[in-house]
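The structure appears below as structure tokens.
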Amino acid sequence: MTKIWMLTASCLVAASLFGPAAFAQNPEAEAAAARAAAAAAAARANAQISPNDSLEKICRIGPRSREVDIQKMEPFKVFDNLYHVGPCYVSSWVLKTPQGAILFDTAQEPFVDMIEANIKKIGVDPHDIKYIIIAHGHLDHFGGAKRLQEFTGARVMATPEDWKMIEAFAGKPNNRDGNKPTEVSKRDMEVREGDHLDLGDQHLIFHTAPGHTPGNLFVEGLALHDGAQTYRGIWGGGGLGAPGLAGAEQGVTNAEKLNAVKDVQAYIMTHAWQDPNGYPGGGIHERAKKLASRKPGDAHPFVDPATFEARAKRQLETARKVLAEEQAKAGATKPK
């Protein structure tokens, strides 16, 4: 049997079984989150960078980040069963198992041809990819899902809240592909907090962390092999909540949830360089260079539990600070 679904608090089922109530959103929070995301994107595009900055920073922020050629990447192996298949600024990963593979995120056009070619270059039959997991409903993460589902025959998985975002983008201009209309994958499989996916030797656990998008998620439990050694990985991120008091409260919940995941040894990033200051010790491509020159007996550059733990703790400290500020604002505006 190639796949087993472990059902926890909710089932992983086809979207057609859910009624409209399953997609209820808070319009005010959605609008605030959308404004914050747009402001962050504008800040990245206008950021000042130096030619001496790392590749992952240059291809993520500043004017060159909009160039197509800088995003083109050859695939590379990070662990015996995990491959980066590009592009530069937002990462797509292939996790291999004895019973098939999982693709994490799909980037967007015009990079889908490159991802398809890279999947073949790493020796994976496209039809061996059984699942595509979407981190959240922003175009740079889901934009290639329709074509990659057709290329692989895989099931596409996202949270119901972010399926709504994805569907709303159908036909809208693609900001990296000459404003061509965006084609989106049909709603396929929904994941919720605590759902499990078992495939081969992988036992993945899904967590939701609303804020960056209403259904932003991260996944724990990746078993990453390096010779005889297996490391525990996490993909995605908790993220702060949306603007406002309710969003700040959610941000603390997200950070507590992230900190509850113990013994994370490898952080599999969704972006090569992460706001606001990258990732201490190097982003994906800096660490990939170290990996390429690694000698027998050297530590694996992607195995860095101390840096991830510090990042998670810092996120919780920041979230609590933001909550205190929002609570003070709310108290100041209460009628006397």
Amide H partners (placed H, <5 Å) of Ala47, local residues excluded:
Gly62
With the 8 Å Cα cutoff and a minimum separation of six or more residues, the chain has a relative contact order in percent of 16 percent
Residues of the range 46-183: accessible area per residue with a 1.4 Å probe, Å²
38 Å²
Extension length gain for Asn259 and Arg320 (0.36 nm per residue less Cα distance), in nm, is 20.6 nm
Which percent of the accessible area of the chain is formed by carbon and sulfur heavy atoms (probe 1.4 angstrom)?
55 percent
Once phi is turned into ³J(HN,Hα) by the Karplus curve 6.51 cos²θ - 1.76 cosθ + 1.60 with θ = phi - 60°, what whole-Hz value does each residue of the range 51-57 show in order, with x for glycine and proline?
x, 8, 5, 5, 4, 5, 6
Between Asp226 and Gln48, what length in nm is gained on full extension when 0.36 nm per residue of separation is reduced by their alpha carbon distance?
60.3 nm
Taking the square root of 5 times each eigenvalue of the Cα gyration tensor, what semi-axes in Å does the equivalent ellipsoid of the range 34-133 have, largest first?
28, 15, 11
Could you state the per residue volume, in Å³, of the convex hull enclosing the Cα atoms of the range 64-119?
71 Å³
Report the dimensions of the chain along its three principal axes from the alpha-carbon atoms, largest first, rounded to Å.
68, 49, 43
How long is the gain from Lys121 to Val68 if the chain were fully straight, where each residue apart is worth 0.36 nm and the alpha carbon distance is subtracted?
17.0 nm
Kyte-Doolittle mean at least 0.0, axial Cα span of 20 Å or more - DSSP H helices of the chain
27-45
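The values are calculated or read from the model by the stated rules, or taken from the named source; none is laboratory data. Here the structure is a predicted model, which is why all the values come from computation and not from measurement. Note: areas computed on protein heavy atoms with side chains; ligands, DNA, RNA excluded. Shrake-Rupley method; radii C 1.70, N 1.55, O 1.52, S 1.80 Å.
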